[in-house]
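Some notes on the structure that comes next.
Read the figures in this text as sums done on the coordinates, not as results from a lab. The structure displayed is predicted, hence computed values, not measured ones. A quick note on method: Cβ atoms are made from the backbone with ideal geometry, for glycine too, and the neighbour counts reach across all protein chains shown.
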Ligand code: PMP
């Protein structure tokens, strides 16, 4: 097994930093200017974490590529961490959004597009009733509230190292020494000790699931059907069946968050694996980057949820957002669902995702590196451990920040943007074979430099 040469890694990283600053002068100037008005020089806090001395400022984008303000072209495998999974500025969405914007964008009243979207989501995910929200984070907050309301139970179950947005109940992990639920490292001003609201368990651990549910105090399990935020961690055979069986047995609702796993196909994993959750959440790419998300209910749960929200109190009940279901977002979603995010989209990019992983795995094997690759639909990932992780704890234990930063920065300097904070690549319909092969070549070059 080949070890990374840490001395070389440090030296190469320095070289890449110098190259970065040379190639990104205008971004550097904008970043400097921004220190005076934007907190930490960025419009959104986590942009400080990008590899390099500062984030690259974007000028424009189309398909699988974007250009920065310095005129550098990038092959985009980040694609807004799924927000642009359908590719940048897809023609049907651009047309629908630009035409529609001229006739008014938000009313606090429904438009016909909302009905069309709900019917299409019904067809894709099998959930009977639908609601819309401004973001997947909001949708997750709302489904957890509704789950507690309907079941009259206080707690939720989530998985170790999951991510469902900035939802208070989910910013928690398992403490390695005590096994107890604690706040995630870096959790900012938690509203209360997360152990009061949440039980965190490991993915793929059936016994832990039953132990968490058996006290009948859990309103809902909130799960990605395949974990995607700590690398791609697939369910073991039979795990989903057990998850459904045990949630039913103990009267707990099952919420499937398909925000990222929509990469698996038109109806996410819910359709692909024939899952039967009580609620489903989707977001990010469904409206071409116009903020929008949706959450669906089974017929039974929908009826209970409706009964729990009396009209005289509904506007102050904790489910809101004046921009939720706004007319523009509904129109954009209709364009995406009808013309972009179709079977054809996945037919094109899933084989390319397989090619991406074959290329990366080929380099891993050639240099005998203790790394692995995983794939879910058009989402791919490489991770710094020999075998794919079985749960979030294992995945997190293999995080190598120094190596991660180097891989991202060296890729960026060679015109390739990977998803920050891990090594994920999304393949859109306009990504070409040549793009994939370029990545394989760059990957080999930058790996060779640190051995
Ligand atoms: N659910 C999952 C599974 C996610 O990965 C994310 C964001 N990465 C969210 C929800 C929240 O999405 P947003 O930040 O667009 O609200």
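What does the helix-only formula give at 222 nm for the chain: each DSSP H stretch with n ≥ 4 adding -39500 (n - 2.57), the total divided by the residues, and the result rounded to the nearest 500 deg cm²/dmol? Don't jump to the answer; show the numbers that get you there.
Working: 15 runs with 175 residues, N = 451.
About -12000 deg cm²/dmol.
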- Using the alpha-carbon atoms, what tilt in degrees (0 to 90, nearest 10) does helix 433-448 show relative to the longest principal axis of the chain? 60 degrees
- Rounded to 10°, Cα long-axis angle of helix 112-125 versus longest principal axis of the chain: 80 degrees
- Message: Rounded to whole Å, give me the distance from the Cα center of region 242-314 to that of region 1-62.
- Response: 37 Å
- Specify whether the C-alpha gyration tensor of region 1-56 places it in the rounded, prolate or oblate class, a ≥ b ≥ c being the square roots of the eigenvalues: rounded for a/c under 1.5, otherwise prolate if a/b is larger than b/c and oblate if not. prolate
- Query: Given the convex hull of the Cα atoms of region 1-124, what is a quarter of its surface area in nm²?
  - Reply: 13.3 nm²
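Going by C-beta contacts inside 10 Å, put 259, 82 in order with the fewest on the left.
Numbers: 259 28, 82 23.
Listing 259, 82 from fewest to most nearby Cβ atoms yields 82, 259.
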- Task: For a footprinting-style exposure proxy, rank 16, 276 by other Cβ within 10 Å, fewest first.
- Result: 276, 16
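Divide the volume of the convex hull of the Cα atoms of region 91-340 by its number of residues and quote the answer in cubic angstrom per residue.
Values: hull volume 33.0 nm³, N = 250.
So the per-residue hull volume is 132 Å³.
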- By counting other Cβ atoms within 10 Å of each Cβ, how are 178, 373 ranked from fewest to most? 178, 373
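Taking every pair of distinct Cα atoms and averaging 1/r, then inverting, what Kirkwood hydrodynamic radius in Å comes out for the chain? Provide the component values of the computation, followed by the final result.
Details: mean 1/r = 0.0436 Å⁻¹.
Its Kirkwood hydrodynamic radius stands at 22.9 Å.
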- Message: List residues of region 236-278, by number, whose backbone nitrogen lies under 13 Å from a label position 7 Å along Cα→C-beta of residue 123.
- Response: 266-267
- Item | Percent of C-alpha pairs per 10 Å bin, region 239-318, short to long | 16, 39, 33, 12, 0
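Can you give the % of DSSP beta bridges in region 91-340 that are antiparallel, to the nearest 5? Please list the in-between numbers first.
On the way: 13 of 28 bridges.
About 45 percent, rounded to the nearest 5.
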- Determine the distance separating the Cα centre of region 149-196 from the Cα centre of region 316-331; give it in Å without decimals. 26 Å
- Would you please put 232-240, 126-134 in order of how densely packed they are, using the mean number of other Cβ atoms within 10 angstrom per residue and starting with the highest? 126-134, 232-240
- Message: As an exercise, use a Förster radius of 45 Å and the Cβ-Cβ distance of residue 397 and residue 434 to find the FRET efficiency, rounded to the nearest 0.05.
- Response: 0.80
- Shape of region 190-306, Cα gyration tensor, a/c cut at 1.5: rounded
- Note on the structure: Shape call for region 76-156, from the Cα gyration tensor axes a ≥ b ≥ c (a/c under 1.5 means rounded, otherwise prolate when a/b beats b/c, else oblate), comes out prolate
- Query: What share of the DSSP beta bridges in the chain is antiparallel, in percent to the nearest 5?
  - Reply: 65 percent
- Task: Measure nothing fancy, just the Cα-based angle from helix 136-151's long axis to the longest principal axis of the chain, in degrees from 0 to 90, nearest 10.
- Result: 30 degrees
